[in-house]
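Just so it is clear, none of the values below were taken in a lab; they were calculated from the coordinates. None of these values were measured; they are calculated from a predicted model. Counting neighbours? That spans all protein chains shown, and the Cβs are built from the backbone with ideal geometry, glycine included.
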Amino acid sequence: MTIAVGQRVPSMTVRVLNEGGVEEISTDALLKGKAVVFGVPGAFTPTCTNQHLPGYVKHADDFRKKGVDSIICVAVNDDRVLTAWSKKVGVDGKVRLLADGNADLTKALGLDIDLRAGGLGTRSKRYAMIVENGVVKALQIEETPRNCSISSAPDILSKV
Amino acid sequence: MTVSQGGPAPEATVHELGDAGPKAVTTKELFAGRKVAVFGLPGAFTRTCSSKHLPGFVQHAAALKAKGIDDILCVSVNDAFVMDAWGKEHGAPGKVRMIGDGNADLTKALGVDRDASANGMGVRSKRYSMIVDNGVVKVFNLEPTGEYGISSAEHMLTQL
């Protein structure tokens, strides 16, 4: 079942990139305060690389000004791939990358999608949510992974 | 069961990045009527794969082709987008084709899949290489876990 507004993000350990490599952290600790979490179907795919992630990097300061403590990008990719991708996009520490390589978090959120037809296996739908102390306050799921509108940084920024 | 030397290469569909996105291609199409060098590895952008395995085949591509190899394929349980980005970083275009086995179908059919979920990588491939001649596996080199030697391009040159 897909997570809904008012529900708590499931407690689990996730892998987040930091400057030195990978940090294992609980979702409870990660989502303390106000967070914007967005999911992408895959590192290095065109929409994710050209629009979705760069939009959040570009607007990171605007989110901070509106009281957002952290911006987190979730992808069903491993940490090595996400490290390479974040360098390519120029994330520069503005967005935290969560490597959900086993799709554990994505499945627990009910936001997984079967992309086997394109040879991508199980991935994440494209979505964004506003989370306050672990509780989902807003959730926007795109109809298809190709769309990047209601989950885009400008749209979410207007809802924070 | 792991594929055996002298037997037919398994049939599976994999993906290679084309102009319009990931393009499905079958092993039948890849192997029919030609001699193909294949090497499989645990993941794009990972340490041994990036510093030795792929660079070795890029470096020795001409030598392998001079010894009768028609095509060189790098296979990993990553999607075609990630494989393409990784290949470009290492000068693969024109030398080594980057094949995404994102659904792990070929890797499982070869019997070389392994559980890498402890590292947040889900199902991945063991490290191996093989020479497939017109669909028949002539040589199959499977590395013991954590090792790198018999699946290298340098070793394959001695097997041709």
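Residues B:F57, A:F63, arranged from fewest to most other Cβ atoms within 10 angstrom of their Cβ, appear as A:F63, B:F57.
Please identify which residues in segment B:41-67 have an amide N closer than 20 Å to a label point set 7 Å out from the Cα of B:L157, following the Cα→Cβ vector. Only B:49-67 pass the distance filter. For B:K23, nonlocal amide neighbours, meaning residues 5 or more places apart or on other chains whose placed amide H falls under 5 Å from its own, are B:E16, B:L17, B:G18. Where both bridge residues fall in segment A:46-154, DSSP classifies roughly 70% of the beta bridges as antiparallel. Counts of other chain beta carbons within 10 angstrom of each beta carbon in peptide B:93-102 average 2. Given their separation in residues at 0.36 nm each and the Cα-Cα distance between them, A:D92 and A:K107 gain 2.6 nm when the chain is fully extended. Couplings 3J(HN,Hα) for segment A:98-107, derived from phi with the Karplus relation 6.51 cos²θ - 1.76 cosθ + 1.60 (θ = phi - 60°), are 9, 8, 9, x, 8, 6, 5, 5, 4, 5 Hz, where x marks Gly and Pro.
Other residues whose C-beta falls under 12 angstrom from the C-beta of A:V14 contribute a net charge of -4, scoring Lys and Arg +1 and Asp and Glu -1.
Please say if segment A:13-157 is rounded, prolate or oblate, where rounded means a/c under 1.5 for a ≥ b ≥ c the square roots of the C-alpha gyration tensor eigenvalues, and otherwise the choice is prolate for a/b larger than b/c and oblate otherwise? It is rounded, given that a/c, with a ≥ b ≥ c, falls under 1.5. Residues whose amide H falls under 5 Å from that of B:S76, counting only those 5 or more places apart or on a different chain, are B:I99, B:D101, with hydrogens built in the peptide plane. Taken along the Cα-to-beta-carbon direction at a fixed 7 Å, the label points for A:R64 and B:R34 span 5.1 nm. Within 10 Å of the Cβ of each residue in A:76-89, the mean number of Cβ atoms contributed by other protein chains is 5. Relative to the 2.2 N^0.38 Å rule of thumb, chain B has a C-alpha radius of gyration ratio of 0.93.
Couplings 3J(HN,Hα) of segment B:16-22, computed from phi: 10, 6, x, 4, 9, x, x Hz, in residue order, whole Hz [Karplus 6.51 cos²θ - 1.76 cosθ + 1.60, θ = phi - 60°; x for Gly and Pro]. Taking each DSSP H run with n ≥ 4 as -39500 (n - 2.57) and averaging over every residue of chain B yields -6000 deg cm²/dmol at 222 nm. For chain A, the tally of Lys pairs with Cα-Cα distances below 18 Å comes to 21, considering only residues 8 or more apart or on different chains. The H on the amide N of A:N77, modeled in the peptide plane, is under 5 Å from the matching H of A:D100, A:G101, each at least 5 residues off or on a different chain.
May I ask you to derive the FRET efficiency for B:K138 and A:N133 from their Cβ-Cβ distance with R0 = 56 Å, giving the value to the nearest 0.05? Step by step, r from the Cβ atoms, then E = 0.40. In segment B:24-160, the DSSP beta bridges split such that about 60 percent are antiparallel, to the nearest 5. Here the Karplus relation 6.51 cos²θ - 1.76 cosθ + 1.60, evaluated at θ = phi - 60°, turns the backbone of segment B:73-85 into coupling constants of 10, 9, 10, 8, 7, 9, 7, 5, 5, 5, 4, 5, 4 Hz, with x for every Gly and Pro.
Averaging the sequence gap over all C-alpha pairs within less than 8 Å and six or more residues apart, then dividing by the number of residues, gives segment B:15-133 a relative contact order of 34 percent. Let me test this: with uniform point scatterers at the alpha carbons of the protein assembly as shown, what is the Debye-based log₁₀ I(q)/I(0) at q = 0.07, 0.09, 0.10, 0.11 1/Å? Ignoring solvent entirely, the Cα scatterers give -0.29, -0.47, -0.57, -0.68.
Sorting A:K88, A:K34 from the fewest to the most surrounding beta carbons within 10 angstrom yields A:K88, A:K34.
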